[in-house]
Amino acid sequence: MSNIPQGKRDSFGSSFGVFAAAVGSAVGLGNIWRFPYITGQNGGAAFLLVYLAIVLLIGIPLMLSELSIGRHAQKNPIGAFLQIAPGKPWFLIGIVGVAAAFMISSFYSTVAGWTLHYTYLSVLDKINTSNASELETLFNEFHTSQFMPLFWQFVFMLFTGLIVIAGVRDGIEKYTKILMPLLFIILIILSIRSVTLEGAKGGLEFLFYPDFSKIHSKTVLDALGQAFFSLSIGMGTLITYGSYIQKNANLSRISLQVALADSFVAILAGIAIFPAVFAFGIAPSSGPGLVFLTLPGIFEQMTGGYFFSILFFVLLVIAALTSSVSILEVVVAYLTEELKIKRKQATILATAGILVIGSLATLSFSTLKDAHIFSKTIFDFLDYVSANLMLPLGGFFIVIFVGWAYGKKFFSAEITNDGNLVVRLFPVFNLVIKYIAPIAIALVFLNELGILG
Ligand code: PFF
């Protein structure tokens, strides 16, 4: 509790708590639902390599940049830029971040609702088939219906809101500490079962044997968007969490550990899913339903499958919750600190707003399936624009801010805890933040826009 100004600001209680909360934010549907299907659509192993390169080269330094801004300013993303660079337009990064948080929450809660429904189906033992077409029918009938997906989405946002109201230490930190390690263990068990399925080999080759002819500009933009989404960077989540981190915590260690843990979970999810995809004859490019089409089939073929299936979906819901909490916290921190709305009211307001947009995302698989924005459904539009455009754009300006603008004032002090820590990678982080990350992000964008030919 050493860094609570005026005895007021909430903070994380221990360094493991900080790590668990940051991992809780990073590890979620992005790893277990989004990573496998985006990898599936982008041809597998080559995508994975590009993805990992981006995590290492751009992801970790950007995490560090965000954490340092947050801990230095002790504020939400908009307030932080206003405080560090008063009267300058940098706060726009925070505004785009809060908007992205809103958009991500909206479609995230749709998918989280699906996982709640699958938890419910598991408990009632209603998914007892490993037949791919039956699993497909089950998923399609559910997610294109109207009432149930909306119902589960509301339930999920209710849980999210309740945890956020409880606050940082009593809400966020307490739960993630216990639940994230459990998720690791069950994923490992699932992967073991999946790789021992008959016909699993094709899946492992798909995931680990790269075919570089599959890399196009879209692949790289997808990898960039996925990396940012998965690490929760580019929109100020880690600025917000950074503001709750104690002054003596080691920010570079946290960033490295979180990026490693996050990538490890994504790869484990890939190892659990792709062998099953191939063993059951499902198309890797099936899209957002991929996890829901494959995993129930694995459980069906496992001793104790009933039990594992419940445990897995419960943990997936929890992983989604700890991420969703971190997204909502960005909006709530802004509303409470900048607009002086009370925490409870702010949470209710933000949750209600998210549910309005979120309902549209959910209904875009049924009633609103023909409503398109730039030829994408509402769900796809929210996903694509936030992950592939807003997060990388936010990330670009954040590294510019730290590397070329105001970062000189605080970055080195934050990373070394005012000279008390020796961070051997510091020159590397500096180089990446100044040159490599902004150039790489700009190139990916220009390439995607066709400007580089
Ligand atoms: N990283 C989360 C996941 O992988 O599920 C999603 C997420 C959380 C994205 C927080 C962005 C964010 F700011």
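Things worth noting here:
- The stretch between Lys408 and Leu260 holds 50.6 nm of extra length on full extension. This uses 0.36 nm per residue minus the Cα-Cα distance.
- Set of lysines with alpha-carbon distance to Lys408 below 25 Å, sequence-local pairs under 8 removed: Lys75, Lys88, Lys247, Lys434
- Think of segment 1-117 as a dipole: +1 on every Lys or Arg Cβ, -1 on every Asp or Glu Cβ, centred on the Cα centre; then among Pro89, Phe35, Ser109, Pro89 lies furthest on the positive end.
- Counting only Cα atoms, segment 123-179 measures 45, 26, 17 Å along its principal axes, largest extent leading.
- Applying D = kT/(6 pi eta Rh) to segment 192-306, where Rh is the Kirkwood radius over alpha-carbon pairs, T corresponds to 25 °C and eta to 0.890 mPa s, the Stokes-Einstein value obtained is 148 µm²/s.
- P(r) histogram, all alpha-carbon pairs of segment 356-453 included - 10 Å bins from 0, percent: 14, 29, 23, 19, 12, 2
- Reciprocal of mean inverse Cα separation for segment 348-394 (Kirkwood radius, Å): 11.3
- For the listed peptides 143-149, 344-350, a ranking on the average number of other beta carbons within 10 Å per residue, highest first, reads 344-350, 143-149.
- Computed label-point distance, nm, for sites Arg253 and Ile373 using a 7 Å Cα→Cβ extension: 4.3
- Overall form of segment 147-236 per C-alpha gyration tensor (a/c, 1.5; a/b vs b/c): prolate
- Net charge in the neighbourhood of Ile310 (other residues with Cβ under 12 Å of its Cβ; Lys, Arg +1, Asp, Glu -1) is 0.
- Reciprocal mean inverse distance between Cα atoms of the chain - Kirkwood radius, Å: 21.9
- Dipole of segment 323-428, positive end: most advanced residue of Ile400, Thr416, Asn388 [Cβ charges, Cα centre]: Thr416
- Cα centroid separation, segment 14-48 to segment 359-377 (Å): 26
- The value of relative contact order for segment 187-345, using C-alpha pairs under 8 Å at least six residues apart, is 36 percent.
- More than 24 Å apart - percent of Cα-Cα pairs taken over segment 52-182: 53
- Test item: Cα-centred dipole of the chain, Lys/Arg +1 and Asp/Glu -1 on Cβ, debye: 1420
- Each part reduced to its alpha carbon centroid, segment 378-429 and segment 305-348 end up 23 Å apart.
- The value of relative contact order for the chain, using C-alpha pairs under 8 Å at least six residues apart, is 34 percent.
- Segment 337-403: chymotrypsin sites (Phe, Trp or Tyr not before Pro) in DSSP loop, at most 15 other beta carbons within 10 Å: Phe374
- Whichever aspartates and glutamates have a C-alpha closer than 17 Å to that of Lys409, once near sequence neighbours (fewer than 8 apart) are set aside: Glu66, Asp418
- Listed by number, the DSSP H helices of the chain that run 27 Å or longer by alpha-carbon position along their axis and have mean Kyte hydropathy of at least 0.0 are 91-123, 147-166, 174-195, 251-279, 305-337, 343-363.
- The residues of the chain have, on average, 38 Å² of accessible surface per residue, using a 1.4 Å probe with all protein chains present.
- Structural size metrics of segment 1-115, computed from C-alpha coordinates, are Rg and Dmax of 17.2, 53 Å.
- Positive dipole terminus of segment 295-453, leading residue within Val444, Leu311, Leu339 (C-beta point charges): Leu339
The values are calculated or read from the model by the stated rules, or taken from the named source; none is laboratory data. No experiment lies behind these values; they were computed from the predicted model shown. Virtual Cβ from ideal backbone geometry, glycine too; neighbours counted across all protein chains shown. Surface accessibility is based on the protein's heavy atoms, side chains included, excluding ligands, DNA and RNA. Shrake-Rupley method; radii C 1.70, N 1.55, O 1.52, S 1.80 Å.
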